[in-house]
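Worksheet: one structure, shown below.
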Amino acid sequence: MEKIPNGPVFITPDIAKEKGEIERVSETMFGNQDAQSNEDFFLHFLESAKTAPLVELSEDVWSRVENTDSYRIAPNDWEDVEDCAVVGHPDRPRDWKLFRELYEKGAPIEAPMILKTRGILHLVSGNTRLMVARALGMTPKVLVVEMEENN
């Protein structure tokens with residue numbers, strides 16, 4: 001597979017824009033069902049993200065990240081990307097073709113976010129970006145937000 005010579009520039013994501021995804025993680029991972037608990041979790045996540053590193057996603061870490069279809073994507077398997085991004089989300093299909101175009105142009109792309117807590121690596125946002133990177137044979141950068149056990 002031919003690799004993209006320069007690839008995109010991964011930038012720190014706009015955390016506030018992903019508030020809904022962060023609150024979903026609060027509910028699914030920690031059982032928080034009320035608005036105040038979710039808001040507290042979001043604020044804690046936001047604070048933790050201020051010092052979180054933007055790092056290359058190693059194969060070892062990528063293989064252990066939960067809540068993503070991306071690691072199983074084979075090089076140039078755009079049919080699988082389509083199935084995961086569009087067919088798998090009929091209510092909110094993801095525009096993977098736009099991300100592919102941005103990657104190929106070397107445009108700035110917000111890095112996916114991974115929560116690291118309790119020995120778990122959980123993708124908060126960026127599944128489509130990771131799937132496109134995988135299909136292109138690229139190593140993306142991600143924002144790894146570490147939070148203590150007592151969230």
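Every read-out reported here was derived from the displayed coordinates using simple, explicitly stated rules and does not represent laboratory data. Since we're looking at a predicted model, the values are computed, not measured. FYI the Cβ positions are ideal-geometry reconstructions off the backbone, even for glycines, and counts take in every protein chain you see.
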Region 1-78 - Debye-derived log10 I(q)/I(0), Cα point model, q = 0.23 Å⁻¹:
-1.22
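Once every DSSP H run of n ≥ 4 in the chain is given -39500 (n - 2.57) and the sum is divided by its residues, what mean residue ellipticity at 222 nm do you get, rounded to the nearest 500 deg cm²/dmol?
Working: 6 runs with 58 residues, N = 151.
Mean residue ellipticity at 222 nm (helix-derived): -11000 deg cm²/dmol.
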For region 9-146, what ratio Rg/Rh do Cα atoms give with a Kirkwood hydrodynamic radius?
0.96
Sequence-distant residues sharing a close amide H with residue 109 (under 5 Å, placed H):
9, 10, 11
Which length gain, in nm to one decimal place, applies between residue 60 and residue 87 when the Cα-Cα distance is subtracted from 0.36 nm times their residue separation?
6.9 nm
How far apart, in nanometres, would the label points at residue 102 and residue 12 be if each is projected 7 angstrom from Cα along the Cα-to-Cβ direction?
1.8 nm
Once you charge only the Cβ atoms, +1 for Lys and Arg and -1 for Asp and Glu, what is the size of the charge dipole of the chain about its Cα centre, to the nearest 20 debye?
400 debye
Which whole-Hz ³J(HN,Hα) couplings does region 139-148 yield from phi under the Karplus relation 6.51 cos²θ - 1.76 cosθ + 1.60, θ = phi - 60°, glycine and proline marked x?
9, x, 9, 9, 9, 9, 9, 9, 10, 5
Would you compute, for the Cα atoms of region 67-151, the largest minus smallest coordinate along each principal axis and list the three values in descending order, in whole Å?
40, 29, 21
Tell me which residues come under 5 Å, amide H to amide H, from residue 138 once H is placed; ignore anything under 5 positions away on its chain.
none
